[in-house]
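Every number in this text was worked out from the coordinates using simple rules, so none of it is lab data. The model shown is predicted, which means the values in this text are computed figures rather than measured ones. Reconstructed Cβ throughout: ideal geometry from the backbone, glycine too, with neighbour counts over all protein chains shown.
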Amino acid sequence: MCSVGLRIPGTVAAMADMKLSFWGAAGEVTGSCYLLETGRARVLIDFGLHQGGPSAEVRNRRFPPLDAARLDAVILTHAHLDHSGRLPLLIGEGFRGRIFCTAATAELACLTLEDSGHIQESEAERFRRGRQRCGRELCIVSPLYTLRDVEAVRPLMSPVAFESPREVAEGVTVRFVEAGHILGSASLEVTVEGKNNGGVRRVLAFSGDLGPRGVPLLRDPRPLTEADHVVLESTYGDRDHRSLDDTVEEMAQILESVQRAGGKALVPAFAIGRTQQLIYHLGELRRAGRLDHMPVYVDSPMAVETTELYRRHRELFDPPALRIIENGDSPLNFPGLTFTRTAEESKRLNYLGGGVGGSGSGAVIIAASGMCTGGRILHHFKHGLWRKGVHVIIVGFQSRGSLGRRLVEGARRVRVLGEWIAVNAKIHTLGGLSAHAGRTELLEWGGNFRGVRPRMILTHGEDAPRAALRDGLRQRTGIDAAMPQFGETMPL
């Protein structure tokens, strides 16, 4: 680890007094989890699910070597499952502290965890029934956690207003600032006072997941400017996104061709953030006179609830979204948009478009999960991937090992819900709808710190993008950023 430009404490004892350990998102995009320890407190920043293939499930069930009962607090950057999805496990391991986050994140996280708990229970039961149908020996398959475990998380949520410093543990104060990723998402400015040497003071900046500038509905990310140590995400550290306008135009042209053919477009999308962005863009296209009479279905109960929550938190909207509201319209609704809740409603969508009769104007179905690792999109894939009249539009990052990643990489046969399915549908990848900042924006955010240069620490990225961002930061700032591995501990 390079120490260029660091504010080095006066003694080794003072350095040992503060440390940061990485128990997730170190060389991967999912599983965010950082443990901050001082001589006075132990605070966990995020505790997310690992996502993407069987190995992720193994890691989720292997609790990291941290004593949950000794944690003083958890700070949550935002509600996506790769940042919040293992919180129910903490309670089972003895955690009794508070979970600090913004108000919108507290509400969204409870929604996502409830949905995740339901999926965990359903998948365990489906596995049990599958073994029974095959005549195999029955075995007990326990879900990672249950809805009852999720309910234990809700009372621990402690909402904090943006820009309002809050002491979350002895000697640890956090300030949440806008990250522009999803509703309520935040970057963190964490001020820590150690126990030795009269209280050594350090400021840590955690980017969380940074959104790109100009994303509909949300305010742009706010940069932080003062820190001794900066933990920066690197999801797209090796590339910039295509322009948003060009991406929306490409999506419109794909959907217009689907409409002309009476086909079906399947869009796997995260229920939080991406679905609402898609609704916004589709509504704008409708208001521009395009895609008339083409029905759009949001087939995700959680996405329905999330969209309603977005509408309740319009104080977090950006100016263009507020102008739509002022003009008497809605940025999250338009004629032809239908939200489906029940399983029966979802099943009926199998008979829309795609060469199986039904709607002559085609249909768009937006369903979770965004990485195609679970949820209703799998059922639509099972009924639609093998049909030539179906189009799959990938609109977000697909982690290694995920079904979505295999489709993007051109797999001709994939396993869906235990069955091998031929991929005859046309796969489209749209690179400009990401909720993550691109390389240029990451470099700007990381290069915005004034005064003494901080230690830069790159996480939440696969190794190639991390290395590319490290090289860019070295050229821009002269700092050689660290790339911690899983389980590594750094003194502060």
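Points worth noting:
- Charge dipole (the chain, unit charges on Cβ, about Cα centre) - positive-most of ALA269, THR477, ALA69: ALA269
- J(HN,Hα) series, region 453-459, from Karplus relation 6.51 cos²θ - 1.76 cosθ + 1.60, nearest Hz, glycine and proline x: 5, x, 6, 9, 10, 9, 9
- Note on region 409-444 and region 270-320: Cα centroid distance 21 Å, given to the nearest whole angstrom.
- Applying 0.36 nm per residue to the separation of GLU462 and ARG222 and subtracting their alpha-carbon distance, the gain on full extension is 83.9 nm.
- Estimated vicinal HN-Hα couplings, Hz - region 222-234 in sequence order (Karplus 6.51, -1.76, 1.60; Gly, Pro = x): 9, x, 9, 10, 10, 6, 8, 9, 10, 9, 10, 5, 9
- For ARG455, the amide hydrogen comes within under 5 Å of the amide hydrogens of HIS229, VAL230, counting only partners 5 or more places away or on other chains and with H modelled in the peptide plane.
- Ordering of 272-278, 317-323 by packing is 272-278, 317-323, highest average first (other Cβ atoms within 10 Å, averaged per residue).
- The count of lysine pairs in the chain whose Cα atoms are under 18 Å apart, excluding pairs fewer than 8 places apart on the same chain, comes to 8.
- Residues VAL267, VAL258, arranged from fewest to most other Cβ atoms within 10 angstrom of their Cβ, appear as VAL258, VAL267.
- Calculated FRET efficiency for the pair ARG96/GLU344, C-beta based, R₀ 45 Å, to 0.05: 0.60
- Beta bridge orientation in the chain: antiparallel %, DSSP, nearest 5: 45 percent
- Across the options LEU285, PRO295, PHE317, the greatest Cα extent toward the positive end of the charge dipole of region 243-380 (unit charges at beta carbon of Lys, Arg, Asp, Glu) belongs to PRO295.
- Long-range amide H partners of ALA265 with built H, under 5 Å: ALA363, VAL364, ILE365, HIS391
- Annotation: amide H-H contacts under 5 Å for ALA271 (H modelled 1.01 Å from N, sequence separation of 5 or more, or interchain): GLY370.
- Percent RCO, i.e. relative contact order, over the chain, from Cα pairs under 8 Å lying at least 6 residues apart: 21 percent
- Separation in nanometres of the label points that stand 7 Å from Cα toward Cβ, at ARG62 and ARG311: 4.5 nm
- For a paramagnetic label modelled on GLU256 (point 7 Å from Cα along Cα→Cβ), amide N atoms under 17 Å away belong, within region 277-319, to 281-295.
- Label point distance in nm, ARG213-SER164, each placed 7 Å from Cα along Cα→Cβ: 2.9 nm
- Mean Cβ count within 10 Å, highest first, over the residues of peptides 228-240, 417-429, 441-453: 228-240, 441-453, 417-429
- Kirkwood Rh and Cα Rg combined as Rg over Rh, evaluated for region 244-429: 0.96
- Total charge dipole magnitude, the chain, about the Cα centre, Cβ charges on Lys, Arg, Asp, Glu only, Debye to nearest 20: 1200 debye
- Per-residue ³J(HN,Hα) for region 42-48, Karplus 6.51 cos²θ - 1.76 cosθ + 1.60, θ = phi - 60°, Hz, x for Gly and Pro: 10, 10, 9, 9, 6, 8, x
- Take every Cα pair under 8 Å whose residues are at least 6 apart in sequence, average their separation, divide by the length of region 244-429, and the relative contact order is 30 percent.
- Summarising the label geometry, the points placed 7 Å from Cα in the beta-carbon direction at ALA288 and LYS388 lie 3.2 nm from one another.
- Of the peptides 83-93, 458-468, the order by per-residue mean of other Cβ atoms within 10 Å, starting with the highest, comes out as 83-93, 458-468.
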